[in-house]
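Here the structure is laid out as structure tokens; the discussion comes afterwards.
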Amino acid sequence: MVVLFFYFPTNYYIEVPGSAESTSQYVKVDGKHDKSKGDLLLTTVGLTKATPYFLIRALGNDFETVTPQQALMGDEDSQQYFQVQQYYMKSATNNAIQAAYSKTHKPFKKVYKGVYIMDVTKNSDFKNKLKIGDTINSINGYKFKSSTQFINYVRKQNKNSHVSIQFVRDGKTKTTSGSLVKLAQTKRYGLGITLTDDSVAKGDPPTSINAGEIGGPSAGLMFTLQVYSQISHQNLKKGRIVAGTGTIIPDGTVGPIGGIDKKVYAASAEGAMIFFAPNDPVTKEIKKYDPDYVNNYHLAKQAAKKIHTNMKIVPVKNLNDAISYLKK
């Protein structure tokens, strides 16, 4: 009974405060890390498979959230879920490079690699042929410059078509073929996959971001600030420890993320003086869907108050907001 209490897995996960880590260790511009004094910290949420012990421990803890596996991962297993999170991080780092280079008016290009598979439906003829993480680079010998072109090509195929696909898995090029299937809740036929663009942003000087095992899109803002400070040769840190979170898109818009209360906790524990929180607009549509919705900035303020931190919570809607604040 004791062993079961501490080690028996349940169908729940517990989200807990993760880490606050220096972005400079992951970013290289022209082959060099930023060694200036201070830190720009990305923040994470920890995810633990719940046992009965952890479920009880989470009760009454404001910074531990119990989430059913189905609500967190949907129909994906844990391996597929974390694969998708790795893709989100890859996309975030590409967006960060584009946003930073656009802001500094430095040259960069976006190299399209193919169509990244996010999911394969149960009825797809490619169910056991393709998997999450594969990149399709051609279909019937034709190559494309975007997922939109790929989708339009498939739409033009006869419902009885048999198509040949070339894809990359773990760095190796492979081929497979299969038939189209009727897509759920539509009258159309397709491959039965969920997809998005797989691309990489390359700038001059060259920038690389390798986040290791960290997944998800929420480090976008902090990676952008790190890249921007290096390619613009501006010391935004000024010796300070600055943390934050938020997605980023190439035009510099900062978007909301999950678990911001836990990220505030992690940043404060790491000694951050400033924390950037997305100040996402609460529209009528959002309120209609979720009447109790509270935006990231206000959730961050609430969390900071609970832990009695002196860390300054700063609302940001875009990259310019964060840069302007650090330049003050």
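Any residue that is within 17 Å of Ala269 (Cα to Cα), of a type in the set (Asp, Glu) and surrounded by 12 or more Cβ atoms within 10 Å (Cβ to Cβ) - is there at least one of those in the range 64-71?
yes
Any chance you could count how many residues in the range 11-34 are over 16 Å from Glu270 (Cα atoms), of a type in the set (Val, Ile, Thr) and either part of a loop (DSSP other than H, G, I, E, B) or at pLDDT 95 or above (or both)?
Number of matching residues: 2.
Restrict the check to the range 27-34 and report whether at least one residue is surrounded by 15 or more Cβ atoms within 10 Å (Cβ to Cβ), under 16 Å from Leu225 (Cα atoms) and within 21 Å of the chain's Cα centre (by Cα).
yes
(1) charged (D, E, K, R); (2) part of a loop (DSSP other than H, G, I, E, B); (3) surrounded by fewer than 20 Cβ atoms within 10 Å (Cβ to Cβ): which one isn't true of Asp280, the others all being true?
Failed condition: (3).
Go through the residues of the range 263-270 one by one and say whether even a single one is more than 18 Å from Ser324 (Cα to Cα) and surrounded by fewer than 21 Cβ atoms within 10 Å (Cβ to Cβ).
Scanning the range 263-270, I find at least one residue that is more than 18 Å from Ser324 (Cα to Cα) and surrounded by fewer than 21 Cβ atoms within 10 Å (Cβ to Cβ), so the answer is yes.
With the requirement that a residue be surrounded by 15 or more Cβ atoms within 10 Å (Cβ to Cβ), more than 21 Å from the chain's Cα centre (by Cα) and part of a loop (DSSP other than H, G, I, E, B), what does the range 308-328 give you?
Scanning the range 308-328 gives Thr309, Met311.
Checking Thr43 against (1) in a loop (DSSP other than H, G, I, E, B); (2) β-branched (Val, Ile, Thr); (3) crowded, with 18+ Cβ neighbours inside 10 Å: exactly one of these is not met. Which one?
That leaves (1) as the condition not met.
Wholly within the range 167-275, which strands (runs of 3 or more DSSP E) include no fewer than the required count, namely at least 2 residues that are among the small types (Gly, Ala, Ser)?
172-179, 193-203, 241-244
Do any residues in the range 55-80 that are within 25 Å of Lys306 (Cα to Cα) and not assigned by TED's automatic domain parsing to the domain that holds Thr121 have Cβ atoms under 8 Å from those of residues that are polar (S, T, N, Q) and in a loop (DSSP other than H, G, I, E, B), where the two are at least six apart or on different chains, and which pairs are they?
Leu55/Thr10
The values are calculated or read from the model by the stated rules, or taken from the named source; none is laboratory data. What you are looking at is a predicted structure, and each value in this text was computed from that prediction instead of being measured. Ideal geometry is used to build each Cβ from the backbone, glycine not excepted, and the neighbour counts take in all protein chains shown.
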